[in-house]
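The values are calculated or read from the model by the stated rules, or taken from the named source; none is laboratory data. Remember, it's a predicted structure, so these values are computed and weren't measured experimentally. Cβ sites come from the backbone with ideal geometry, for glycine too, and all protein chains shown count toward neighbours. Note: areas computed on protein heavy atoms with side chains; ligands, DNA, RNA excluded. Shrake-Rupley method; radii C 1.70, N 1.55, O 1.52, S 1.80 Å.
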Amino acid sequence: MPVAASAIYFLNLRGDVLINRLYRDDVGGNMVDAFRTHIMQTKELGVCPVRQIGGCSFFYMRVSNVYIVIVVSSNANVACAFKFVVEAVSLFKSYFGGAFDEDAIRNNFVLIYELLDEILDFGYPQNLSPEILKLYITQEGVRSPFSSKPVDRPAPNATLQVTGAVGWRREGLVYKKNEVFLDIVESVNLLMSSKGSVLRCDVTGKILMKCFLSGMPDLKLGLNDKIGLEKESQIKSRPTKSGKTIELDDVTFHQCVNLTRFNSEKTVSFVPPDGEFELMKYRITEGVNLPFRVLPTIKELGRTRMEVNVKVKSVFGAKMFALGVVIKIPVPKQTAKANFQVTSGRAKYNPSIDCLVWKIRKFPGQTEPTLSAEVELISTITEKKSWTRPPIQMEFQVPMFTASGLRVRFLKVWEKSGYNTVEWVRYITKAGSYEIRC
């Protein structure tokens, strides 16, 4: 069930109540005393942000020098509660000029009470959008003298935005050049054995958009996901020529996406916010295209020498390239020095992290640079434990490549005035946790 807050408290670091609001009569007014006694005055403060005391649950978070405490008497969604706190703090900062601390609360008692009445109704979270609330709560907060953030001006047509379905975009936007920028950013998580077999692999991705469009446009995004293409072929009563298809897992959307239309037609339709926002997140667990394969060979020659040979093969197309490639090869702590031979880039021994660091600024596709190193070790009497080899780690960024194979098939923009738009699409694949056992 969603959050049904019985009360909310704002406390300073000493436990004094700065401001509070009771929404239900199922908790007593002395619940803050229980929070002070059982949490603030013990060593458990900061250990766990959720505590149960006397049949009530306390969700608390520290922001600057203020504790925000939500008290509930029933089973509630904890994630929703903390999401509400984060959004509420962002709202307060937008009114206070970017500052949220004890002084800001003391200077804005009346405004905070008015906002608390709007964002919580009988304990249930309501609209927390600063753009919407500033349309009818026009009072300005006492701003911090150190804040240089400009004051947001209220937009027209408050009634339409508050009651309508499009609360994230105001009307009357006009641009000389209507443009849409779309970035598909993916992170590859990999654990590979020393023989080259994949032990664990997945891709987490997000689609970022930056819209500079006039009016109230309606956008439709088409991807090469399997379910969406099958639904499209059913609607058109003919097979769709799509090429490679992928299966998206754990998809989450921005609030602007029409979920009803997505569930029925499997198309991503939305009225975008103005500026930059995150349209969707996804995960891929099957059919991952690895950008690199690493083949390490490490030989321990007695107690004072070690040979390291690493071959890195770029699997993506020859016309593409990776940027900022860093390969970290672990070595024992008693390493004295290392001599290198590399066919590309530069390598050095970094004693602070006990690794041989190999850097390649620009890594072309379909190439196989190699590193060979002779590592000299310091022989110690006390060191009797065998060296447990940590995995090799990689960092990289590959433009215009997606490990999942996700592609944008189309991006359609419709607006009643019929203006022309320019769409820009970019793909970027980065290393998440890219590890190879050696």
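Quick notes
- For region 1-67, the relative contact order comes to 30 percent (Cα pairs under 8 Å, sequence separation of at least 6).
- Whole-percent carbon and sulfur share, accessible surface of the chain, 1.4 Å: 50
- Here r is the Cβ-Cβ distance between Val166 and Met61 and R0 is 35 Å; the resulting FRET efficiency, rounded to 0.05, is 0.70.
- Glu118, Glu286, reordered so the largest accessible area comes first (probe 1.4 Å): Glu286, Glu118
- Solvent-accessible surface of protein heavy atoms, probed at 1.4 angstrom with all chains present, puts Trp414, Trp168, Trp358 in the order Trp414, Trp168, Trp358, largest first.
- Ellipticity estimate at 222 nm from DSSP helix runs (n ≥ 4, -39,500 (n - 2.57)) divided over the chain, nearest 500: -4500 deg cm²/dmol
- Cross-link pairs exceeding 18 Å between alpha carbons, from the set Lys177/Lys210; Lys93/Lys210; Lys337/Lys362; Lys313/Lys362; Lys299/Lys333: Lys93/Lys210; Lys337/Lys362.
- Accessible area per residue for region 285-347 is 54 Å², calculated with a 1.4 Å probe on protein heavy atoms, without ligands, DNA or RNA.
- Check: region 311-438 dipole with +1 on Lys, Arg Cβ and -1 on Asp, Glu Cβ, in debye: 220
- Based on every Cα atom in region 350-438, Rg and the maximum pairwise Cα distance Dmax equal 22.9, 81 Å.
- Value of D in µm² per second that Stokes-Einstein yields for the chain, Kirkwood Rh from Cα pairs, at 25 °C (0.890 mPa s): 93
- Chain lengthening between Asn12 and Thr260 when straightened (0.36 nm per residue, less Cα-Cα): 84.9 nm
- Cα-based helix-to-principal-axis angle, 109-119 vs the chain, degrees rounded to 10: 80
- The angle separating the long axis of helix 226-236 from the principal Cα axis of greatest extent in the chain is about 60 degrees.
- Per-peptide average of other Cβ atoms within 10 Å, ordering 331-343, 6-18, 205-217 highest first: 205-217, 6-18, 331-343
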